[in-house]
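Structure, as structure tokens:
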Amino acid sequence: MHNFTPLPSLVGGLLIGSAAALMLLLKGRIAGISGIIGGLLQPSRGDTSWRVLFLVGLVAAPLLVMLVTGQLPEVHSQASNRLLIIAGLLVGFGTRLGSGCTSGHGVCGIGRRSVRSVTATLIFISTGALTVFVVRHILGGSQ
């Protein structure tokens, strides 16, 4: 287990959970990324600025990490750019099909005890695990 990082993971989880709770309490909105971006693609009057600021915060967070630690978080992928684009499109399709993304359903929906979100999250996790198993053990992909 060379990627075991309990303290940064705990801090990250606390920050994500706190941000989602504050968003719900202060704005009455779910911190689901697909819904936030979807609202920008079909904007309604007076509903754009908070969405833009939320996305700016997502982009600015790694820069804040760089200011504090002196380096950007490392990102490693063995997948080609083509495969990453295809995967991104499939995830986008899945978020539309599932009426939300992992952040909306998994972080916010489960916290609200939404049966739909619990079901969606179980499907996300099961599909991800099945995909990894098929790619790594049946198709012989990278581990």
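The values are calculated or read from the model by the stated rules, or taken from the named source; none is laboratory data. Since this is a predicted model, take the numbers as computed values, not measurements. For neighbour counting, all protein chains shown are included, and Cβ atoms are generated from backbone atoms with ideal geometry for every residue, glycine included. We work out accessible area using only protein heavy atoms, side chains counted, and drop any ligands, DNA or RNA first. Shrake-Rupley method; radii C 1.70, N 1.55, O 1.52, S 1.80 Å.
A residue that is within 21 Å of residue 102 (Cα to Cα) and not polar (S, T, N, Q) occurs somewhere in segment 62-69. Only one residue in 63, 84, 53 is over 27 Å from residue 23 (Cα atoms) and either without any contact (Cβ under 8 Å) to a residue 12 or more places away in the chain or of a type in the set (Ser, Thr, Tyr) (or both). Which one? Of 63, 84, 53, the one residue that is over 27 Å from residue 23 (Cα atoms) and either without any contact (Cβ under 8 Å) to a residue 12 or more places away in the chain or of a type in the set (Ser, Thr, Tyr) (or both) is 84.
Scan segment 19-53 for residues that are open to solvent by 60 Å² or more (accessible area, probe 1.4 Å) and under 19 Å from the mean Cα position of the chain (by Cα) and jot them down. Write out each step before concluding.
Filtering segment 19-53 down to residues open to solvent by 60 Å² or more (accessible area, probe 1.4 Å) leaves 22, 24-27, 29-30, 37, 41-46, 49, 52-53.
Within segment 19-53, 22, 24, 29, 30, 37, 41, 52, 53 qualify.
May I ask you to verify whether residue 9 is open to solvent by less than 50 Å² (accessible area, probe 1.4 Å), under 24 Å from residue 120 (Cα atoms) and either more than 19 Å from the chain's Cα centre (by Cα) or of a type in the set (S, T, N, Q) (or both)? Answer is no for this residue.
Of all residues in segment 82-94, those being open to solvent by less than 70 Å² (accessible area, probe 1.4 Å) and either under 14 Å from residue 36 (Cβ atoms) or not hydrophobic (A, V, I, L, M, F, W, C) (or both) number 3.
Answer yes if at least one residue in segment 125-135 is at pLDDT 90 or above, within 23 Å of residue 15 (Cβ to Cβ) and outside any helix (DSSP H, G or I), and no otherwise. No; the residues of segment 125-135 include none that is at pLDDT 90 or above, within 23 Å of residue 15 (Cβ to Cβ) and outside any helix (DSSP H, G or I). If only residues of segment 95-117 that are free of Cβ contacts under 8 Å to residues at least 12 places away in the same chain and assigned to a helix (DSSP H, G or I) are counted, the one that is least open to solvent (accessible area, probe 1.4 Å) is 110. Is there a residue being in contact (Cβ under 8 Å) with a residue 60 or more places away in the chain and touching a Gly at 6+ places or on another chain (Cβ under 8 Å) anywhere in segment 122-130? No. Within segment 64-80, the set of residues being farther than 30 Å from residue 140 by Cα and loosely packed, with under 10 Cβ neighbours inside 10 Å comprises 67, 68, 69, 70, 71.
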